[in-house]
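The values are calculated or read from the model by the stated rules, or taken from the named source; none is laboratory data. This structure is a prediction, so every number in the text was calculated from the model and none was measured. Glycine also receives a Cβ, built like all others from the backbone with ideal geometry; neighbour counts cover every protein chain displayed.
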Amino acid sequence: MFTIQANILTPDGVIQDGVVKVTDGRITAVAPATASPATIHAPDHLLVPGFIDLQLNGAFALDFTRQPETIWEVAARLPQFGVTSFLPTVITSPLVTVAKAQEVMAQQTLGVRPSPLQKAFSGAEPVGLHLEGPFLNPQKKGAHNPQYMQLPSLEAIADWSPKTHVRLVTLAPELPGALPVITALAERGVIVSAGHSMATFAEAKAGFAAGVCYGTHLFNAMPGLHHREPGLIGALLDDEQATMGIIPDGIHVHPALLKLVWQIAGPRLNVVTDAMAALGMPPGDYDLSDFRVTVDETTCRLPDGTLAGSILGMDTAVRNFITYTSCTLAEAIATVTTIPADLLGLGRHKGRIAPGYDADLVLLTPDLHIAMTIVHGDVVYNVMRDP
């Protein structure tokens, strides 16, 4: 058991100079500070729920599609960005690659780790796979290899479910065979997302009716918004039940447009990084599945100039989102905590600071940089001199 004294962001607002009590990996009390000394004393810092990233392709020179076995190695280092839970993302690839990633995720359940580092694992928690493909529209391939794209089929998804570690699937709803696949996945509890798509407004709406409830990196890899054919973008903005991922790096989406979308659909926006192997690394050439991506100080691009993920850390994403939208800190934090937790069906024990919730916590400095990250009650990242 330990206690943290800080300014605490709770579902009901900020408790100035409050205390959170953690016992056996869970939050057991949240209250104003008392005279008793706290284990972690940071009264000028802000304690918020741990960040959840629904789209992460890799980091630290490691790519999940090429090397699914590196999921745990990356997970161990993600807390430096405030990430406590994430969906390792496997992009368009042969189905055997998906199966290998499922096997790697199964080792979490079995308590087996594929390397000495991971036998003593502590870090961000992989809570399921995000399969971004292979059922994508080749006309909006982005940085995906069209060689591996295929039409949706029930046979291909026969063993895809949260029980087999598939949590989110991105597909193009206009493709032949997509609607029954969407329905089958949604009935199993998989989040189905529309993305890398040429869907018309009507085709997108048909996808929503079949079970699509999310949009992958809004604006990117989909036709632009047109006043006579709103397309997938218009359908997502129009549907009051759909959640949308968005990448606030100032490159994938212009800050002015991000602000406009926030004004239209703020409570439905989910900040993602779409970060790739270059996250946490210097400029250079890095893998994204089959491709080599050239990375400079701000962007990741294929040789033809196509954007290929980002190098955006989640803490930077939160700061950017506040700058671009002028939203409140609580609103920005919600886009990476309560909104993704609720979408994943984890909202009863993740994404909030309240008694009974997992002790997945981030301690932020007054200028919103990461001072400490806690996962299931364990301090897994700490830059404070005297915690």
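Residues considered: 194, 204. Of these, the only one that is farther than 14 Å from residue 135 by Cβ, in contact with a helix residue (DSSP H, G or I) (Cβ under 6 Å, 6 or more places away or on another chain) and surrounded by 23 or more Cβ atoms within 10 Å (Cβ to Cβ) is 204.
Report, by residue number, each residue of the stretch 80-110 that is β-branched (Val, Ile, Thr), at pLDDT 95 or above and surrounded by fewer than 18 Cβ atoms within 10 Å (Cβ to Cβ). Passing the criteria: only 96. Do the conditions hold for residue 156, that is, is it within 21 Å of residue 86 (Cβ to Cβ) and either modelled with pLDDT under 95 or part of a loop (DSSP other than H, G, I, E, B) (or both)? Here the answer is no, as residue 156 does not meet what is asked.
When the stretch 159-178 is filtered for residues that are more than 16 Å from residue 207 (Cα to Cα) and outside any loop (DSSP other than H, G, I, E, B), the ones remaining, listed by number, are 162, 163, 164, 166, 167. Within the stretch 91-105, being more than 20 Å from the chain's Cα centre (by Cα) and of a type in the set (A, V, I, L, M) holds for 95, 96, 99.
Restricted to strands (runs of 3 or more DSSP E) entirely inside the stretch 302-387, no element has at least 3 residues that are within 20 Å of the chain's Cα centre (by Cα) and surrounded by fewer than 21 Cβ atoms within 10 Å (Cβ to Cβ).
This table checks each residue for (1) among the acidic types (Asp, Glu); (2) in a strand (DSSP E or B); (3) modelled with pLDDT under 95; (4) more than 20 Å from residue 245 (Cα to Cα).
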{"position": "38", "(1), (2), (3), (4)": "no, no, yes, yes"}
{"position": "41", "(1), (2), (3), (4)": "no, yes, yes, yes"}
{"position": "46", "(1), (2), (3), (4)": "no, yes, no, yes"}
{"position": "53", "(1), (2), (3), (4)": "yes, yes, no, no"}
{"position": "66", "(1), (2), (3), (4)": "no, no, no, yes"}
{"position": "70", "(1), (2), (3), (4)": "no, no, no, yes"}
{"position": "74", "(1), (2), (3), (4)": "no, no, no, yes"}
{"position": "78", "(1), (2), (3), (4)": "no, no, no, no"}
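Name the residue that is farthest from residue 329 (Cα to Cα), counting only residues in the stretch 23-36 that are more than 25 Å from the chain's Cα centre (by Cα) and assigned to a strand (DSSP E or B). Top of the filtered list is 23. Given the condition over 29 Å from residue 26 (Cβ atoms), among the basic types (Lys, Arg) and free of Cβ contacts under 8 Å to residues at least 12 places away in the same chain, answer yes or no: does some residue in the stretch 292-312 qualify? Yes, the stretch 292-312 contains a residue that is over 29 Å from residue 26 (Cβ atoms), among the basic types (Lys, Arg) and free of Cβ contacts under 8 Å to residues at least 12 places away in the same chain. A count restricted to the stretch 363-386 and to residues that are small (Gly, Ala, Ser) and either on the phi < 0 side of the Ramachandran plot or in the same structural domain as residue 122 (by TED's automatic domain parsing) (or both) stands at 1.
Of the strands (runs of 3 or more DSSP E) lying entirely inside the stretch 197-274, the ones with 3 or more residues being within 18 Å of the chain's Cα centre (by Cα) and not polar (S, T, N, Q) are found at 212-215, 243-246.
Of all residues in the stretch 179-193, those being assigned to a helix (DSSP H, G or I) and either within 19 Å of residue 340 (Cα to Cα) or among the small types (Gly, Ala, Ser) (or both) number 3. Of the numbered criteria (1) touching a Phe, Trp or Tyr at 6+ places or on another chain (Cβ under 7 Å); (2) in the same structural domain as residue 82 (by TED's automatic domain parsing), the one residue 301 fails is (1). Between 12, 24, 63, the distinction of being free of Cβ contacts under 8 Å to residues at least 40 places away in the same chain and either more than 22 Å from residue 346 (Cα to Cα) or not aliphatic (A, V, I, L, M) (or both) belongs to 12 only.
Checked against the criterion of being of a type in the set (Lys, Arg), at pLDDT 95 or above and closer than 22 Å to residue 244 by Cβ, the candidates 188, 167 yield just one match: 167.
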